[in-house]
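*Asks:* This is the structure I want to talk about, given as structure tokens.
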Amino acid sequence: MVRPDPNRLWLLIWVLLAAWLLYLLSPILTPFVVSALLAYLGDPLADRLEALGLKRTPAVILVFSVIFLLLGFLLILLVPRVEAQIGVLLQKLPGYMEWLRVHLVPRLEALLPGEMGGFDMEAVQKTLAKNWREAGGLAAKILSSVSGSGLALLGWLANLVLVPVLTFYLLRDWDHLMAGIRTLLPRRSEAGWSRLARESDEVLGAFLRGQLLVMGGLGIIYITGLWLVGLDLALLIGMFAGFVSFVPYLGLIVGILIAGVASILQFQGFAELPWVALVFIVGQVLEGTVLTPRLVGERIGLHPVAVIFAVMAGGQLYGFVGILVALPVAAVAMVLVRHLVQRYRSSDLYGSVDGEDDSVPPDLT
């Protein structure tokens, strides 16, 4: 009878305790996770500046300033325009509903059986108008809801201050932190863990840096194309379609559906639908032939179903923090699974086939 290795048992216990502790602390982890992601994104730039002869602290200050200036510029640029488009939608919503009542509802009633016909468009219009009115004034509502509670306001301000502070210190000491973690690895398997960490870093870098650029590029393509078509909600729809494009084809499908409905309502007909579809088809072609190959490559390899499951599981377990880290964790897990599969296929349990590569990855135990 094979006795379990006590060292592995203790490692498993520590991993479970760490997961449980993270679950308990998830409500306060958001600024730390956001800061760690920003520091991870900025570290390669700081390293390049160091290689050019700049000391670490000035390099970090420069990268730090660029990151937060860009974030601030995006917020100042986008928030007023998004709120303006919501206001335009609120103003035109009654006209859209009236057009639906006059032109579309009679056709639907004619297609449906008698007992299923008879849409109460007036009730639907009142419900939508009420909900959209409550959604209006985005910035004002956020400020009022935050300021309505002293504790909520204090927490919001604390996070607002913590993120830049934590990002600066993490970015400054990133290399020292990574070196400290490396010194804690078991000496006999340090080479294997280091190789695994390098592969994970490649995957994370490809996702966090490349995929964010792809999402931003697609958003710009969708916004520009829908604006040329003349859609009033081009900014809202293009931003949303670009944001959800981290799941392959989801941005295309959702974007065409939402932009198609918006086009029918705004132009009160179907004449502009081919142009709307063309915008998203062109965006998808550019993503597959230019953006993803150049910015991400084929190093991620996460199946769309795995992406959706990772996001949903992260949100269920750890809330907003889980959503933030779901895909990076899934990307690292993919590297671990690939190594485990290689070891399994090279083991006596699986057996070997003549001519098959039986190379065994480094032992990580």
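The values are calculated or read from the model by the stated rules, or taken from the named source; none is laboratory data. Everything quoted here is computed from the prediction, not taken from an experiment. All Cβ positions, glycine included, derive from the backbone under ideal geometry; neighbour counts span all protein chains shown. Each accessible area value is taken on the protein alone, full model and side chains, heavy atoms only, with ligands, DNA and RNA left out. Shrake-Rupley method; radii C 1.70, N 1.55, O 1.52, S 1.80 Å.
*Asks:* Quick check on my filter: what residues within the range 185-211 are hydrophobic (A, V, I, L, M, F, W, C) and either open to solvent by less than 10 Å² (accessible area, probe 1.4 Å) or farther than 11 Å from P328 by Cα (or both)?
*Replies:* L185, A191, W193, L196, A197, V203, A206
*Asks:* Which residues, taken from the range 282-298, are touching a residue at least 24 places away in the same chain (Cβ under 8 Å), among the hydrophobic types (A, V, I, L, M, F, W, C) and in a helix (DSSP H, G or I)?
*Replies:* V282, L286, L291, L295
*Asks:* Which residue out of G180, G225 is surrounded by 16 or more Cβ atoms within 10 Å (Cβ to Cβ) and either more than 23 Å from the chain's Cα centre (by Cα) or assigned to a helix (DSSP H, G or I) (or both)?
*Replies:* On the way: G180 fails: surrounded by 16 or more Cβ atoms within 10 Å (Cβ to Cβ).
After ruling out the rest, the residue left standing is G225.
*Asks:* Test F32 against the stated conditions and say whether it is open to solvent by 80 Å² or more (accessible area, probe 1.4 Å), at pLDDT 70 or above, under 18 Å from G322 (Cβ atoms) and out of contact with any Lys or Arg (no Cβ under 6 Å at 6 or more places or on another chain).
*Replies:* Yes; evaluated as a whole, the condition is true for this residue.
*Asks:* Is one or more of the residues making up the range 319-334 open to solvent by 40 Å² or more (accessible area, probe 1.4 Å), at pLDDT below 75 and not in a helix (DSSP H, G or I)?
*Replies:* No, there is no match, as no residue in the range 319-334 is open to solvent by 40 Å² or more (accessible area, probe 1.4 Å), at pLDDT below 75 and not in a helix (DSSP H, G or I).
*Asks:* Another question, then. Which pairs turn up if I take residues in the range 58-84 that are part of a helix (DSSP H, G or I) and look for partners that are of a type in the set (D, E) with beta carbon separation below 6 Å, at least 6 apart in sequence or on another chain?
*Replies:* Within 6 Å, the pairs are A59/E50.
*Asks:* Also: Do you know which of the residues in the range 235-247 that are more than 14 Å from the chain's Cα centre (by Cα) and in contact (Cβ under 8 Å) with a residue 60 or more places away in the chain is least open to solvent (accessible area, probe 1.4 Å)?
*Replies:* Of all residues in the range 235-247, those more than 14 Å from the chain's Cα centre (by Cα) come to 235-238.
Narrowing the set further to residues that are in contact (Cβ under 8 Å) with a residue 60 or more places away in the chain leaves 235-236.
On the way: L235: 22, L236: 51 Å².
In this case the residue turns out to be L235.
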